[in-house]
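Chemist: Input: one structure, supplied below.
We did not get these values from a lab; they are worked out from the coordinates using the rules stated. Quantities reported herein were computed from a predicted structural model and do not represent experimental measurements. Note that we place each Cβ from the backbone using ideal geometry, even for glycine, and neighbour counts take in every protein chain shown.
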Amino acid sequence: ALAKQRANSTRNLNLLLAGASDAVAAAALQSSLKDMFEDEGAKFTSAATMPPETEGAFRRVGVRISFSGDLQLLTTVLLGIEAAHPVLAVGNLELHIAADSESEDEDPSLAIALDVFGYRVK
């Protein structure tokens, strides 16, 4: 019942990335992710467009995002990505305790990098 309710609620939402080209779609994705992460308090470090890949009738477009924050921030960001439309996926997640983090912190500052990608019609 829940799956059917979710399907009905997402039926009218665009599940694919928009854009006339891979570059346009990647730029829009990067911009929306930067806004999402910074709205949650992340210190955005860098973003790089990943080479697009063809998968059947779709093009996979992604960006590599680096930012800093704590574990709570990472959890919030991942939940935001999970709920995002168009549908997005995460890969290649890397976590490191930031060099400037105090070792006695209960929730130390992390240097975080991850790939976020979506699909567009080829």
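Chemist: How high is the FRET efficiency between Glu55 and Ala99 when r is their beta carbon distance and R₀ equals 41 Å, given to the nearest 0.05? Numbers along the way, then the final one.
Modeler: Working: r = 37 Å, r/R0 = 0.91.
With R0 = 41 Å, the Cβ-Cβ based efficiency is 0.65.
Chemist: Now for a different question. May I ask you to compute the full-extension gain from Ala48 to Ala83, defined as 0.36 nm times their residue separation minus their alpha-carbon distance, rounded to one decimal in nm? Please list the in-between numbers first.
Modeler: Numbers: separation 35, 0.36 × 35 = 12.60 nm, distance 2.25 nm.
Value of the extension gain: 10.3 nm.
Chemist: In square nanometres, what is the average projected area of the Cα convex hull of region 37-122? All intermediate terms of the calculation are to be shown ahead of the outcome.
Modeler: Details: hull surface 23.7 nm².
For the Cα atoms of region 37-122, the hull's average projected area reads 5.9 nm².
Chemist: Then there's this: Considering only the other residues whose Cβ falls under 13 Å of the Cβ of Leu73, what net charge follows from Lys and Arg at +1 and Asp and Glu at -1?
Modeler: Values: positive: Lys43; negative: Glu38, Asp39, Glu40, Asp70, Asp107.
In short, -4.
Chemist: Relative contact order of region 38-122, please, whole-number percent, based on alpha carbon pairs below 8 angstrom and at least 6 residues apart. Show your work: numbers first, answer last.
Modeler: Numbers: 158 pairs, mean separation 30.2, N = 85.
So the answer I get is 36 percent.
Chemist: Let me ask you something else. Rank by packing, highest mean first: peptides 80-89, 64-73, with packing defined as the count of other Cβ atoms within 10 Å averaged across residues. Before the final figure, lay out each step's value.
Modeler: Working: 80-89: 14.5, 64-73: 18.6.
Ranking, from highest mean packing down: 64-73, 80-89.
Chemist: Ranked from highest to lowest mean number of other Cβ atoms within 10 Å per residue, what is the order of the peptides 24-36, 41-53?
Modeler: On the way: 24-36: 17.9, 41-53: 14.8.
My ranking of the peptides, most packed first, is 24-36, 41-53.
Chemist: Here's a follow-up. Report the semi-axes of the equivalent ellipsoid for region 19-82 in whole Å, largest first, where each axis is √(5λ) for an eigenvalue λ of the Cα gyration tensor.
Modeler: Numbers: eigenvalues 118, 28, 20 Å².
Calculated on Cα positions only, the semi-axes equal 24, 12, 10 Å.
Chemist: Assign unit charges at the C-beta atoms only (+1 for Lys and Arg, -1 for Asp and Glu), then state the dipole size of region 17-122 relative to its Cα centre in Debye, rounded to the nearest 20.
Modeler: On the way: 7 positive and 17 negative charges, 195 e Å.
Roughly 940 debye, rounded to the nearest 20.
Chemist: Hey, rough spin-label estimate for Ser66 and Glu38, points 7 angstrom out along Cα→Cβ, what's it come to in nanometres?
Modeler: 1.8 nm
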